[in-house]
Amino acid sequence: MKVSGFTFIRNAITLDYPVVESIQSILPLCDEVVVAVGNSEDQTLELIQNIDPKVKVIQTIWDDTLRANGAVLAQETDKAFAAINPEADWAFYIQGDEVIHEADHPAILAALHKYQHDHEVDGLLFNYLHFYGSYDYVGISNNWYKKEIRIIKPGRQIRSYRDAQGFRKAPDQKLKVAAIAARVFHYGWVKDPRAMQRKQENFHKLWHDDAWLNKNVKVAERFDYEDHIHQLARFEGTHPACVQPRIAQRNWVFETDITRHKKRLKNILKDWLKKIGIDTHYANYTIIRK
């Protein structure tokens, strides 16, 4: 069984992405990891080239005219996917702010073997932990997506969908997936507030024009996490080993009173509907195995 990892990145150092940890977290499960490194203004290329001999770099140019719905992210994802080993049985996708816990490697490996020859299964579905503000808090409101596809089978006309959160099969079919007991630790909202502010100013350019940015993105030196909080809970588990040095080097403090962040009315309604069997959460996949 051959497994190829793939991802994309640009300006990882400036925007403080844990992309090295992301790649390191899947390397033990992969025969190679293809990284599409976009035209960066920092030393991202050298950073990626020095991770591991199994990392295969392709250099790309981002289309900065694509400023609607994050389409350029899907385009860059597809470039990396197209460059994996054509003999790969599985393709493991990881974004530059996502990390897999080593404790989940056995469950992932077992699923890879279990569903390798199950022709109905297009991919594997992971559970998500979204960290916010610091490594001590996770988002628990319905504003966060709970699951997403991170391993797919090549050769099935599968392409990245919309802003690269998930995948679809041509022409526009949801993938049939197996839900597995493995987690993605999403650290996209855990950064030094100065780096987070730079990310906000940079990232929204991939969705909106300058007029929207001028109206909706506050110009500031530091990002104010308190301005954007939904429901949070304290994280009681352990972080992946490769993230521990980053946690030890954290140079900011974020503390909040989680009891004062009340559940919004629309989320109360969603929870009530789910209890009576009506799930209104967005799902870009069809679960056929559990």
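At a glance:
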read-out	value
Residue match in the range 208-230 (condition: assigned to a strand (DSSP E or B), crowded, with 16+ Cβ neighbours inside 10 Å and either in contact (Cβ under 8 Å) with a residue 40 or more places away in the chain or not polar (S, T, N, Q) (or both))	no
Filter result for Val3 (over 18 Å from Phe185 (Cβ atoms), touching an Asp or Glu at 6+ places or on another chain (Cβ under 9 Å) and crowded, with 20+ Cβ neighbours inside 10 Å)	yes
Residue within the range 79-101 that is more than 18 Å from Lys153 (Cα to Cα), among the β-branched types (Val, Ile, Thr) and either within 20 Å of the chain's Cα centre (by Cα) or surrounded by 15 or more Cβ atoms within 10 Å (Cβ to Cβ) (or both) present	yes
Residue under evaluation Asp172, criteria (1) among the charged types (D, E, K, R); (2) in contact (Cβ under 8 Å) with a residue 60 or more places away in the chain; (3) over 25 Å from Phe223 (Cβ atoms), criterion not met	(2)
Yes/no for Lys199 being modelled with pLDDT under 95, in a helix (DSSP H, G or I) and under 29 Å from Asn11 (Cα atoms)	yes
Residue identified as in a helix (DSSP H, G or I), surrounded by 12 or more Cβ atoms within 10 Å (Cβ to Cβ), at pLDDT below 95 and among the basic types (Lys, Arg) among Arg194, Arg250	Arg194
Among (1) at pLDDT below 95; (2) in contact with a strand residue (DSSP E or B) (Cβ under 7 Å, 6 or more places away or on another chain); (3) surrounded by 20 or more Cβ atoms within 10 Å (Cβ to Cβ); (4) of a type in the set (A, V, I, L, M), the one test that Ile140 misses	(3)
Test: residue in the range 31-47 that is touching a residue at least 60 places away in the same chain (Cβ under 8 Å), crowded, with 17+ Cβ neighbours inside 10 Å and assigned to a helix (DSSP H, G or I)	no
Condition broken by Arg162, with the remaining ones in (1) crowded, with 19+ Cβ neighbours inside 10 Å; (2) under 19 Å from the mean Cα position of the chain (by Cα) satisfied	(1)
Residues satisfying the stated conditions in the range 151-198, i.e. among the hydroxyl-bearing types (Ser, Thr, Tyr) and within 19 Å of Ser4 (Cα to Cα)	Ser160
Condition met for Val57 (outside any loop (DSSP other than H, G, I, E, B), surrounded by fewer than 23 Cβ atoms within 10 Å (Cβ to Cβ) and either of a type in the set (Asp, Glu) or under 20 Å from the mean Cα position of the chain (by Cα) (or both))	yes
Flag for Val55 being closer than 10 Å to Phe6 by Cα, in contact (Cβ under 8 Å) with a residue 40 or more places away in the chain and among the aliphatic types (A, V, I, L, M)	no
Every residue from the range 126-180 that is touching a Ser or Thr at 6+ places or on another chain (Cβ under 9 Å), assigned to a strand (DSSP E or B) and of a type in the set (A, V, I, L, M, F, W, C)	Phe167, Val177
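The values are calculated or read from the model by the stated rules, or taken from the named source; none is laboratory data. For clarity, every value in this text was computed on a predicted model and none was experimentally measured. Counting neighbours? That spans all protein chains shown, and the Cβs are built from the backbone with ideal geometry, glycine included.
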